Each structure stands twice: as C-alpha cells, then as structure tokens.
1. Can you run down the residue pairs with Cβ atoms below 6 Å, 6 or more apart or on separate chains, where the first is in the stretch 160-178 and surrounded by 10 or more Cβ atoms within 10 Å (Cβ to Cβ) and the partner is assigned to a loop (DSSP other than H, G, I, E, B) and β-branched (Val, Ile, Thr)?
2. Could you list, ordered by first residue, the pairs with Cβ atoms under 6 Å in which the first is in the stretch 91-107 and closer than 18 Å to ARG57 by Cα and surrounded by 20 or more Cβ atoms within 10 Å (Cβ to Cβ) and the second is hydroxyl-bearing (Ser, Thr, Tyr) and at pLDDT 95 or above, at least 6 apart or interchain?
3. If the requirement is being among the hydrophobic types (A, V, I, L, M, F, W, C) and at pLDDT 95 or above, which of these qualifies: ALA59, ALA25?
4. Quick one: is LEU37 under 17 Å from ASP152 (Cβ atoms) and out of contact with any strand residue (DSSP E or B) (no Cβ under 7 Å at 6 or more places or on another chain)?
5. Starting from residues that are among the β-branched types (Val, Ile, Thr) and within 14 Å of the chain's Cα centre (by Cα), keep the ones in the stretch 49-97 and report whichever is nearest to TYR125 (Cα to Cα).
6. For the stretch 179-214, which residues satisfy the criterion of being open to solvent by less than 50 Å² (accessible area, probe 1.4 Å), among the hydrophobic types (A, V, I, L, M, F, W, C) and assigned to a strand (DSSP E or B)?
7. Those residues that are assigned to a strand (DSSP E or B) and closer than 18 Å to VAL122 by Cα, I need them from the stretch 150-175; list them, please.
8. Please specify each residue of the stretch 215-250 satisfying the condition of being of a type outside the set (S, T, N, Q), surrounded by fewer than 17 Cβ atoms within 10 Å (Cβ to Cβ) and part of a helix (DSSP H, G or I).
Amino acid sequence: MPLDGAPHAQTARWYDRAYEVTYGAIYTQLTNQTLELIREIHPPPASVVDFGAGTGRLALPLVQQGYDVTAVEPCREMLAVLDDKARDQGVDRKRLSTCPVSMQAYHAGGRTFDVAICVFTVVAYLLDEDALTGAFRSIHGALKPGGCLLIDVPRRVLYQQPVPSLDEHGFRRRVELKPVGDDLYAYAEELQVLDAAGQVQTYSERFLTRYWELDSLSQHLENVGFVLERDESNRFGGTGAAYLVFRAGE
C-alpha cells in the first residue's frame, strides 16, 4: 500500500476538530481522565516526555498544570498545529519543547524525565519488531531510574469495529480500516471541509498501522528494563485499549 508521508500530515489542520466532533464528550472525558492519572503517577512539578504528542492534546494542558514537557512527534504538520495552539493559549514556551522525530529515533541528549506517556494508539504506528524494540529502548533511556511510563495498547476490537463517519454542514469525514495481513491494517481517511469562500476542500491520506498483542508488547517492555507497576484498564473502560503503568528499572 502506498504511503502518504507521515501519518496525519495531510489532515493535521483538521485533526482536533475531527476527533472533537466525531467523539464529543467522550473525547474530552478521555483527555481529562488521562491528565488525572498522570497527576497521580507524578504530581507537578515534574518533567514529562510525550511520545506521539500530536497537536498537544495532553502536552499543552500538562504545561499549564506545572509540568515541563517535551513533545516528540514525527509529523511536522501536527507539531505546527501544536505550536499555533501554544501561542494562542499563552503557554510558557520555556516549559515546552518539541522534537520532530519518531520514538525509536529520539535521543534525550543526556536529559532524563520523571514520566513518559505513549497513549492514544501511538504504538499502532510501530509496524515491526525492530521499530517496537527501538521505541521502547528510547523511552527507557529517556526516563530517570524509577521513572514511569503510561502506555495504552489498542485491543483487537478497536480494529474490528467501524470508525464513526461524520457528515454535518461544512464538515464530512470518512475513515476505513482494513486488514492487509500479518496484523497490519490499512488506514484511509478523507475529509471534506467547506472553506471561507464556500468551496469544498478535500484532504485525504493513507498509511499502515499494526495490532500488537498485549502480552507480546508487555514482554518487549520487560526485555528493555521496564516492570509493570499497575493496570489502569478498568479506569478507561469503553476505550478499546488497555492502559498500563510501567516503571523503569534502576
């Protein structure tokens, strides 16, 4: 399947609106629950590295709550949206930095963090064993001894149920997720947006994602030095994902 560059590069400008309108209060609730759990893991002041930060759904409120945050995101278009939002919200840029690389390519450069987060199906963008292991090594290397990782792992059901379509005035969204073998899934999205001139603009993209078995993924984490501290999946019932907190070995 041909790829269209970094996932979400073509639709980054509309990413927030697509999820807010498609999922509504559920999306807001998930964000608030995740922020609450991070505060429980390590209250501010603390340092956080947000892998797959996207447009700053978690990174920006974490800064506002007193954390120092590094947002790691391979899609430069998503980071551009994050930067615009940070400016509009008056976020203290001394406490927020961005890094446009993948998880497996990230190097903390001697800096270490209290908490790492890798949520909202970020692991699904790691397509093979080498990428998965490399990403987990990078995360472990970025954490202080005893630092915590919050990660979510999408369950199979999330790949099997249809993604809600959206069709309202001025905004139309269609998403397809199809299996292509070896636990890989082809993701295709099309957005049609009515611009200020009343013209319909179309944005589309295609990329691959992967389903990872929970036990296999947990074993990979243990192999690089993580220890499972607790399972918070019940707290996030209905999301279609397991939520786990791991601690980096001393």
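The values are calculated or read from the model by the stated rules, or taken from the named source; none is laboratory data. Keep in mind it's a predicted model, so treat the numbers as computed, not measured. Neighbour counts are summed over all protein chains in view; Cβ atoms, including those assigned to glycine, are modelled from backbone coordinates with ideal geometry. Accessible surface is based on the protein model in full, side chains and every heavy atom, while ligands, DNA and RNA are left aside. Shrake-Rupley method; radii C 1.70, N 1.55, O 1.52, S 1.80 Å.
1. VAL175/VAL163
2. MET103/SER138
3. Working: ALA25 fails: at pLDDT 95 or above.
Testing whether each residue is among the hydrophobic types (A, V, I, L, M, F, W, C) and at pLDDT 95 or above leaves just ALA59.
4. Values: under 17 Å from ASP152 (Cβ atoms): yes; out of contact with any strand residue (DSSP E or B) (no Cβ under 7 Å at 6 or more places or on another chain): no.
No: the conditions fail for LEU37.
5. The initial filter retains those residues of the stretch 49-97 that are among the β-branched types (Val, Ile, Thr), namely 49, 55, 63, 69-70, 72, 81, 91.
Next, from what is left, pick out any that are within 14 Å of the chain's Cα centre (by Cα): 49, 55, 70, 72.
Details: VAL49: 18, THR55: 16, THR70: 20, VAL72: 14 Å.
Here the answer is VAL72.
6. LEU184, ALA186, ALA188, LEU191, VAL193, PHE207, LEU208
7. So in the stretch 150-175, the residues assigned to a strand (DSSP E or B) come out as 150-154, 166-168, 171-175.
Result: LEU150, ILE151, ASP152, VAL153, PRO154, VAL175.
8. Hits for the stretch 215-250 are ASP215, GLU222, ARG235.
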